[in-house]
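The structure appears below as structure tokens.
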Amino acid sequence: MPLPTGPLDPWDVLLAGPRPDALRIGLAVPLSGPLAMTAPSALGLAGLAVDEANGTGGAGGRPVELVALDSGRAPGVVAAETVALHAAGAFDVLVGFHTSDVHRAVETALAGRVRYVFTPPHEGGRRSPGVVRLGQSPREQHTAALAWLVAHRRARRWLLLGTDYVWPRVVHRAAAAVLPALGAEVVGEALVPFGPADQGPLLDLVRRTRADAVLLSLVGRDLVAFNREFARAGLDRRVVRLSGALEENGLYALGGDGTGELFACMPSFAMPLSGSADGAADEGQLALQERLATRSGPSAPVVCAYARGVYDGVRAAVALSAGRRPSGRAPAAPRLGHADGLRFREVTLPAPT
């Protein structure tokens, strides 16, 4: 069995020079910064996608290689390095999983010169030529979850808490537009810089506004830090929390949750505990986890929603580069799960109308 594919270092690629007989995919994932905890999952699934592509002929007969870029740094730094590496021939197409401020900076800097597949939930709005977005917009991702929580958890007074960059701002605008029609209201909002050291002011805001639900658009380690302090403050059993950025790596870092009041509206869940009447599981997700375990062994990282997006993004990049229409999953339907220990138990949402 061939060894699993690992990403190449971009500077090694530059020293070796271009390789026209291969398709090189720039893989911009957060190796540092708030989302770094998701990097092992993202790298593992990207490697699996490349191995599977090469096992079926590559990209139109060309072998596929990954070239790793750290998209966890400041937006301007990531954008400048991405443009320089592409200009020097380090990669042919870009697949990106990162925060939307980095996404905006990279999209602007590339200016349509290279295909760019952006995989996570996104901020919506117009996109530049050559950009493919696989994720959901804030309204697509959150509306059904908000409606279910208002109806089934009587969550009427919502506090919006997030990091101060473009995606959380758009999430908050979407929530503020949707909630009144559901019979709920926004009672407060706060946007904080990445890495807040003191969660006290946010917890005080929860108490002061008498919120019975919190919409969290913090990400990565900042989301974990807030949820830890939220539980220590004794708020976790009486205030509903909903996040569009909580996946299994974050749940593991949190130590799990058994309150039944921590919800996530992600595009997929790793090996979900089904809460539906028919007991149905996500067979595609289970099969993907099994293939990753076969490839990487018992220490294989979890197939979180972000990593599954990267897997789909690499497959889309290969198809586009080979002149084919990308195949794979249909656009994700809204999904909602609540933390049950170290997994998510899915909630059955009404079918979209």
What percent does the relative contact order of the stretch 23-154 come to when contacts are Cα pairs within less than 8 Å and at least six residues apart? 23
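Which peptide among 224-231, 150-157 comes first, and what is the full order, when sorted by highest mean count of other Cβ atoms within 10 Å? Please report the intermediate quantities before stating the final value.
Details: 224-231: 19.2, 150-157: 16.4.
Result, highest mean first: 224-231, 150-157.
I need to check one value: relative contact order of the stretch 1-89, counting alpha carbon pairs closer than 8 Å and at least 6 residues apart, in percent. Don't jump to the answer; show the numbers that get you there.
On the way: 106 pairs, mean separation 39.2, N = 89.
Rounded, it is 44 percent for the stretch 1-89.
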Among ASP198, ASP51, ASP340, residue whose mean-square fluctuation peaks in a GNM of the chain (springs only between Cα atoms under 10 Å): ASP198
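Given a Förster radius of 41 Å and the C-beta distance between LEU349 and ASP21 as r, what FRET efficiency does 1/(1 + (r/R0)^6) yield to the nearest 0.05?
Details: r = 47 Å, r/R0 = 1.15.
Working from the Cβ atoms, E equals 0.30.
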Only Cα pairs within less than 10 Å get springs; with that Gaussian network setup on the chain, which residue of PRO196, PRO334, PRO40 has the largest fluctuation? PRO196
For GLY72, enumerate residues with amide H under 5 Å from its amide H, sequence gap 5+ or separate chain, H modeled in the peptide plane. LEU31, SER32
Over the chain, with every protein chain in place, what whole percent of the accessible area is carbon and sulfur at 1.4 Å, could you tell me? 54
Along the Cα→Cβ direction, 7 angstrom out, place labels at LEU286 and TRP11. What is the inter-label distance in nm? 4.6
Enumerate the calculated ³J(HN,Hα) couplings along the stretch 164-171 in order (Karplus 6.51 cos²θ - 1.76 cosθ + 1.60, θ = phi - 60°), each rounded to whole Hz, writing x wherever the residue is Gly or Pro. 7, 8, 5, 4, x, 4, 6, 4
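Tell me, in nm to one decimal, what length is gained between ALA253 and ALA84 on full extension, where the rule is 0.36 nm per residue of separation less the Cα-Cα distance? Can you show the working numbers first?
Details: separation 169, 0.36 × 169 = 60.84 nm, distance 3.50 nm.
Fully extending the segment from ALA253 to ALA84 adds 57.3 nm.
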Extension length gain for ARG232 and ALA111 (0.36 nm per residue less Cα distance), in nm, is 38.9 nm
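Calculate the dipole size of the stretch 15-73 relative to its Cα centre from +1 charges on Lys and Arg beta carbons and -1 charges on Asp and Glu beta carbons; express the result in debye to the nearest 20.
Details: 4 positive and 5 negative charges, 33 e Å.
For this selection, approximately 160 debye.
Which percent, to the nearest 5, of DSSP beta bridges fully inside the stretch 1-89 are antiparallel?
On the way: 1 of 9 bridges.
Here the share of antiparallel DSSP bridges comes out near 10 percent.
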GNM result for the chain, Cα springs below 10 Å: residue of GLY250, GLY200, GLY96 fluctuating most strongly: GLY200
Taking amide H atoms as placed 1.01 Å from N in the peptide plane, list the residues 5 or more away in sequence, or in a different chain, whose amide H sits under 5 Å from that of LEU66. LEU8, ILE25
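Pairs of alpha-carbon atoms within less than 8 angstrom and 6+ residues apart define the contacts here; what relative contact order does the chain have, in percent?
19
Quote the FRET efficiency, to the nearest 0.05, computed for ASP198 versus HIS152 with a Förster distance R0 of 35 Å and r equal to the Cβ-Cβ distance. Present the calculation step by step, with values, prior to reporting the outcome.
Details: r = 33 Å, r/R0 = 0.96.
For R0 = 35 Å, the calculated efficiency reads 0.55.
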Amide H contacts of GLY188 (H built 1.01 Å from N, under 5 Å, at least 5 apart or other chain): LEU160
Could you tell me what percent of the DSSP beta bridges with both partners in the chain are antiparallel, to the nearest 5? 20
Taking Rg and Dmax of the Cα atoms in Å straight from the coordinates, which label in (i) 30.3, 94; (ii) 20.1, 57; (iii) 20.2, 62 is the correct one? (iii)
Counting heavy atoms of the protein chains only and a 1.4 Å probe, report the per residue accessible area for the chain as a whole number of Å². 42
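The values are calculated or read from the model by the stated rules, or taken from the named source; none is laboratory data. Given the structure is predicted, the values throughout are model-derived calculations rather than measurements. Here Cβ is always computed from backbone atoms with ideal geometry, including for glycine, and neighbour counts include all displayed protein chains. To get the accessible areas, we keep the full protein, side chains included, count just its heavy atoms, and leave off ligands, DNA and RNA. Shrake-Rupley method; radii C 1.70, N 1.55, O 1.52, S 1.80 Å.
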